[in-house]
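Let me begin by presenting the structure, written as structure tokens, before commenting on it.
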Amino acid sequence: MSRVSITGVTKSFGRQQVLKGVDLDVPDGSLTAVLGPSGCGKTTLLRIVAGFVRADRGTVTLGDRVVEDGRTAVAPERRGVGYVPQEGALFPHLDVAANILYGLPRAQRSAARLGELLELAELPAELAKRSPHELSGGQQQRVALARALAPSPRVILLDEPFSSLDAALRVSAGRAVSRVLRHAGATGLLVTHDQGEALSLADQVAVMRAGDFVQVDAPARLYEHPVDAETATFVGGASILPATVRDGVASTTLGEIAVAAPDGPANVMVRPEQVLLQTAGHGVAAVVEDISFFGAQVVVGLALTDGTRVTARGPSSSTPAVGDAVGLVVEGAVVAFGEPSPGPGESA
């Protein structure tokens, strides 16, 4: 069993409390992404699981073995954990084969084991004699993963492993690493600040804010039902609008929208893909303020007549121009968060 259980873990550096009693359960054989902005404590948590940093209080359990309890800790090399740091951190003076086999006892450094690891990491055999600088960024990350998998660890920890790659390579490398982990049957804990990366790769996403988890959920559940407005805007972008709810309908500046919420004042979340652009005179009147082009899709910033700003996302084949008058219609139901904040709604 390679389940990871983190219970009540706290950590301070001097007077700064970095982790505030966090709890997290990573099921056996799954991949959990810890998602949060820089400085929220996610890398510190990963390093505590690895054994590089000691917790002040709390426990870390790998399988059925407690490796950290705030008083005593198992040494990192005895935890059965593989660690993939940012940018791979390959040894530049060693070739691919030597990098991959580096952590194994000499008796286990065989051509057969090297071949297994290259195949597992989806790397062609001819790369074995190359130096790290002769590889692409994605290949370097897979070599780092193969090195981490060499001792057959129960758990793989990944610390923003794709942060140095360009956007297209980040996607392909992420998918490859996800496949490798599943094929190896390893339990993975991935730290990232990239929302798309977390949602697309992980079985479970744990959103961290200021040293604690605000929501731990399946990716679809997290996106569709965030616990609060801050999480909603951080995960995927959203327009947060003040509303009055009555009989399952929210009255907003974007019109009346279905919502599952009790009657009364509320904030509601409208995802950009829910905002459909219409010709002027149909729906709620708005003016196009800015357009961001992303190939097949565009993100359109819009201003309503009362000053409220919202965002729409749709196909780039039918994009209005900046300054155009358009109409807006909201498709589907929205999510409510409780008491509204003052002033017009805003988009993030």
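The values are calculated or read from the model by the stated rules, or taken from the named source; none is laboratory data. Note that the structure is predicted; figures quoted are calculated from it, not measured. Cβ atoms come from the backbone with ideal geometry, glycine included; neighbour counts cover every protein chain shown.
Looking only at residues in region 12-30 that are part of a strand (DSSP E or B) and within 19 Å of the chain's Cα centre (by Cα), which one is farthest from Ala206 (Cα to Cα)? Walk me through how you get there before you give the answer.
Pass one, region 12-30, residues part of a strand (DSSP E or B): 12-13, 16-26.
Adding the requirement that they be within 19 Å of the chain's Cα centre (by Cα) leaves 19, 22-26.
Working: Leu19: 14, Val22: 11, Asp23: 10, Leu24: 8, Asp25: 10, Val26: 10 Å.
If we take residues in region 12-30 being part of a strand (DSSP E or B) and within 19 Å of the chain's Cα centre (by Cα), then Leu19 is farthest from Ala206 (Cα to Cα).
Might you check whether a residue that is part of a strand (DSSP E or B) and among the hydrophobic types (A, V, I, L, M, F, W, C) occurs anywhere in region 35-48? So that I can check it myself, show each step before the final result.
Residues of region 35-48 part of a strand (DSSP E or B): 35.
Those still in the list that are among the hydrophobic types (A, V, I, L, M, F, W, C) too: 35.
Yes, there is a match, as at least one residue in region 35-48 is part of a strand (DSSP E or B) and among the hydrophobic types (A, V, I, L, M, F, W, C).
Between Val270, Val298, Val322, Val287, which is among the β-branched types (Val, Ile, Thr) and in contact (Cβ under 8 Å) with a residue 40 or more places away in the chain? Steps first, answer last, please.
Details: Val298 fails: in contact (Cβ under 8 Å) with a residue 40 or more places away in the chain; Val322 fails: in contact (Cβ under 8 Å) with a residue 40 or more places away in the chain; Val287 fails: in contact (Cβ under 8 Å) with a residue 40 or more places away in the chain.
On inspection, the qualifying residue turns out to be Val270.
If I filter region 76-95 for residues that are in the same structural domain as Gln139 (by TED's automatic domain parsing), at pLDDT below 95, among the polar types (S, T, N, Q) and farther than 20 Å from Leu189 by Cβ, do I get at least one hit?
For region 76-95, residues in the same structural domain as Gln139 (by TED's automatic domain parsing), at pLDDT below 95, among the polar types (S, T, N, Q) and farther than 20 Å from Leu189 by Cβ: absent.
Quick check on my filter: what residues within region 44-56 are under 16 Å from Val155 (Cβ atoms) and out of contact with any helix residue (DSSP H, G or I) (no Cβ under 9 Å at 6 or more places or on another chain)?
Passing the criteria: Leu45, Leu46, Arg47, Ile48, Val49.
Of the residues Thr59, Thr72, which is touching a strand residue (DSSP E or B) at 6+ places or on another chain (Cβ under 7 Å) and over 20 Å from Ser178 (Cα atoms)? Talk me through it step by step, then tell me what you get.
Details: Thr72 fails: touching a strand residue (DSSP E or B) at 6+ places or on another chain (Cβ under 7 Å).
Being touching a strand residue (DSSP E or B) at 6+ places or on another chain (Cβ under 7 Å) and over 20 Å from Ser178 (Cα atoms) holds for just one of Thr59, Thr72, which is Thr59.
Looking at Val143, is it modelled with pLDDT of 85 or more, among the aliphatic types (A, V, I, L, M), under 15 Å from Ala121 (Cα atoms) and not assigned by TED's automatic domain parsing to the domain that holds Gly295?
Working: modelled with pLDDT of 85 or more: yes; among the aliphatic types (A, V, I, L, M): yes; under 15 Å from Ala121 (Cα atoms): yes; not assigned by TED's automatic domain parsing to the domain that holds Gly295: yes.
Considered against the rule, which asks whether it is modelled with pLDDT of 85 or more, among the aliphatic types (A, V, I, L, M), under 15 Å from Ala121 (Cα atoms) and not assigned by TED's automatic domain parsing to the domain that holds Gly295, Val143 comes out as yes.
I'd like the full set of residues that are touching a residue at least 60 places away in the same chain (Cβ under 8 Å) and of a type outside the set (D, E, K, R), limited to region 71-119.
Of everything in region 71-119, those that are touching a residue at least 60 places away in the same chain (Cβ under 8 Å) and of a type outside the set (D, E, K, R) turn out to be Gly80, Val81, Gly82, Tyr83, Val84, Pro85, Gln86, Gly88.
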